[in-house]
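Take a look at the structure below.
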Amino acid sequence: MSFDKVRTRFAPSPTGYMHVGNLRTALYAYLTAKAQDGTFILRIEDTDQERYVEGAVDIIYNTLRETGLLWDEGPDVGGPVGPYVQSQRMGMFKDYALQLVEKGAAYYCFCDKDRLEEVRAVQQASGMAPKYDGHCRHLTPEEIREKLDAGVPYVIRQKVPTEGTVTFHDQIFGDITVDCADLDDQVLIKADGMPTYNFANVVDDHTMGITHVIRGNEYLSSTPKYNLLYEAFGWEVPVYIHCPPVMKDATHKLSKRNGDASYEDLIAKGYLKDAVLNYIALLGWSPKGEREIFTLPELVREWDPAGISKSPAIFDGQKLRYINGEYIRALAPEQFYEKALPWMRQTVKSETADLRALAGVLQARCEVLSDIPEQVDFIDAVPEYDLSLYTNKKMKTTPETSLAALRETLPILEALPDFTAGAIHEALFARIAQLEVKNGWLLFPLRVAVSGKQFTPGGGIELCAILGKEESLRRVRAAIQKLEG
RNA sequence: GGCCCGUUGGUCAAGCGGUUAAGACACCGGCCUCUCACGCCGGUAACGCGGGUUCGAUUCCCGCACGGGUCACCA
């Protein structure tokens, strides 16, 4: 099968949640394909039954779908080079391994685990790097035949040249050369006949026509062995793009063990999917210009793998918050209202409060939706507060002036037939002009009176409109009483 | 320990031999304003260390230090 378009794949193991680092790898693979009008492929690498986690495949599907990283070929949608689930591809690997044996690039190994452990122990004791000692490299065809016929368990190992070097090119790290002597004769086919990950990966990538391999740089050190395999088969080596890891701090990779690094957690915490995607795109990659806010299609247009950095990037929750805030503010009011509603409802049970208006004052004041509940916790009832809240130096208010101000305000509010923010504003500001006082002299006490707080989303006027006439008047009267002591 | 990779402000990062070393987040100050926030304006803050190469190194080379990765019949 040959293709002329760029083909990339995301090949996760269904072993649990999708953390931000995984998602980023998927994003980069997607972008690398789409930037060149190529094909993005999803392959599930589920050959490790030990670590298999129920439901993990669905998490992968859902996350990719939600974020818009739609795959062109994959387990569910099929494609020309299926199957796309590794466990369903098991038949072919041994034949490929046998081809390598014929070419002299691999060999049967009959060593048992005891012997291997022994060899390793000796090597480590003498300070050497643990490595297969090549015991079975030079078995004669007769010896091999004999053991095979006798049913001795065996594996197939890669025959790495004993001398010379291997050089491969990575788009980010450049040329990397290692001594063959440092490479182990890794197992290709296990005793149970199944391929090891390293072998399956190479064969799968080739048979699926993958042109660009995007993966974490923990694979950098096994890439020379992959290269040798490609060369032995006579296959074209793909373009390698190894991405540095996403870190939790300077010395630890991101793990969703403790913290909120998984995509699902972030969404549950009130982050917007587009914001998360935008942020992780920037984590370890920088666009050409100075713009930072991009939609997925815009990222596709901007994408250049050359912008991927070589060094690890620490996940910065503050920056994510900022970007999320940008996305929240860019939402149409109605969209924001819909997203904010469940969060407002966590603390607001009131049926009379104007939640659309509340959302209106909230939109510029929350960076993450989870900021909302505690910001609106005074809507249902005024919390206990101290009279000292009425003292504000800048507003030139004290409990005494506040009492006077509220006495001014109450009748005006009572007389208003139309209790909208605009009408309240007009009436109150007219009075402020007559009184020749600072806006805050009249308005600050009103806010405290209806909210029991000094800092609120929106001003006193807006809060009154949100609470409604009846509730506002009740609160103002209660405040007057409280101030009268 | 061997091998591989990395190292610019607190964080993300631009830079690719000559720059006043961008920009963003965070932080600080100011403006706006009935508070807070948004917005706008301004500010503090960085090339890990030591040798070379060069007229000139953040940029190239070599050491060192620190950090990471990898050394499985796991993926």
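The values are calculated or read from the model by the stated rules, or taken from the named source; none is laboratory data. It should be emphasised that the depicted structure is a prediction, and the values quoted were computed from it without experimental measurement. Note that we place each Cβ from the backbone using ideal geometry, even for glycine, and neighbour counts take in every protein chain shown.
Values for this structure:
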| quantity | calculated |
| --- | --- |
| Matching residues, the stretch A:132-180, being among the hydroxyl-bearing types (Ser, Thr, Tyr) and surrounded by fewer than 14 Cβ atoms within 10 Å (Cβ to Cβ) | A:140, A:162, A:165, A:167, A:177 |
| Contacts under 6 angstrom Cβ, first residue in the stretch A:437-455 being aliphatic (A, V, I, L, M), partner within 7 Å of RNA strand B (Cβ to nearest atom), 6 or more apart | A:443/A:460; A:446/A:460 |
| Qualifying positions in the stretch A:421-467 - near RNA strand B (Cβ under 8 Å from one of its atoms), closer than 19 Å to residue A:350 by Cβ and not in a helix (DSSP H, G or I) | A:453, A:456, A:457, A:458 |
| Residue ID - farthest from RNA strand B (Cβ to nearest atom), chosen from residues in the stretch A:361-370 that are buried (at least 20 other Cβ atoms within 10 Å of the Cβ) and either of a type in the set (Gly, Ala, Ser) or within 19 Å of residue A:349 (Cβ to Cβ) (or both) | A:369 |
| Check on residue A:57, under 20 Å from residue A:22 (Cα atoms) and under 36 Å from the mean Cα position of the chain (by Cα) | yes |
| Strands (runs of 3 or more DSSP E) wholly inside the stretch A:1-109 that include at least 1 residues being farther than 30 Å from residue A:191 by Cα | A:7-10, A:39-42 |
| Contacts under 7 angstrom Cβ, first residue in the stretch A:389-405 being within 15 Å of residue A:460 (Cβ to Cβ), partner assigned to a loop (DSSP other than H, G, I, E, B), 6 or more apart | A:389/A:454; A:390/A:398; A:395/A:438; A:397/A:391 |
| Search result, residues across the stretch A:293-327 that are more than 10 Å from RNA strand B (Cβ to nearest atom) and among the aliphatic types (A, V, I, L, M) | A:296, A:299, A:300 |
| Residue check, residue A:417 in contact with an Asp or Glu (Cβ under 9 Å, 6 or more places away or on another chain), in a loop (DSSP other than H, G, I, E, B) and more than 9 Å from RNA strand B (Cβ to nearest atom) | no |
| Residue under evaluation residue A:189, criteria (1) near RNA strand B (Cβ under 9 Å from one of its atoms); (2) surrounded by 14 or more Cβ atoms within 10 Å (Cβ to Cβ); (3) closer than 22 Å to residue A:240 by Cα, criterion not met | (3) |
| Of the criteria (1) buried (at least 17 other Cβ atoms within 10 Å of the Cβ); (2) in contact with a Lys or Arg (Cβ under 9 Å, 6 or more places away or on another chain); (3) closer than 24 Å to residue A:383 by Cβ, which one residue A:454 fails | (1) |
| Subset of the stretch A:25-55 that is among the hydrophobic types (A, V, I, L, M, F, W, C) and more than 24 Å from residue A:274 (Cβ to Cβ) - its residue that is nearest to RNA strand B (Cβ to nearest atom) | A:44 |
| Output for the stretch A:405-464, where each listed residue is within 41 Å of the chain's Cα centre (by Cα), over 16 Å from residue A:388 (Cα atoms) and of a type in the set (Val, Ile, Thr) | A:456, A:461 |
| For residue A:290: the one exception among (1) assigned to a loop (DSSP other than H, G, I, E, B); (2) within 7 Å of RNA strand B (Cβ to nearest atom); (3) in contact with a helix residue (DSSP H, G or I) (Cβ under 9 Å, 6 or more places away or on another chain); (4) free of Cβ contacts under 8 Å to residues at least 40 places away in the same chain | (3) |
| Residue satisfying condition, being among the small types (Gly, Ala, Ser), within 12 Å of RNA strand B (Cβ to nearest atom), outside any helix (DSSP H, G or I) and free of Cβ contacts under 8 Å to residues at least 60 places away in the same chain, within set A:121, A:181, A:129 | A:129 |
| Test: residue A:333 is modelled with pLDDT of 95 or more, closer than 30 Å to residue A:222 by Cα and in contact with a helix residue (DSSP H, G or I) (Cβ under 9 Å, 6 or more places away or on another chain) | no |
| Selection from the stretch A:361-388 of residues that are without any contact (Cβ under 8 Å) to a residue 60 or more places away in the chain and either charged (D, E, K, R) or not in a loop (DSSP other than H, G, I, E, B) (or both) | A:363, A:364, A:367, A:373, A:374, A:377, A:380, A:386, A:388 |
| Pairs with Cβ under 8 Å, 6+ apart, first in the stretch A:309-333 and in contact (Cβ under 8 Å) with a residue 12 or more places away in the chain and among the polar types (S, T, N, Q), second surrounded by 14 or more Cβ atoms within 10 Å (Cβ to Cβ) and assigned to a helix (DSSP H, G or I) | A:324/A:275; A:324/A:276; A:324/A:279 |
| Selected residue [modelled with pLDDT of 95 or more and closer than 24 Å to residue A:240 by Cα] from A:67, A:25, A:63 | A:25 |
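Yes/no per residue for (1) touching a Pro at 6+ places or on another chain (Cβ under 8 Å); (2) away from RNA strand B (no atom under 16 Å from the Cβ); (3) small (Gly, Ala, Ser):
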site: A:196; (1), (2), (3): no, no, no
site: A:213; (1), (2), (3): yes, no, no
site: A:239; (1), (2), (3): no, yes, no
site: A:246; (1), (2), (3): yes, no, no
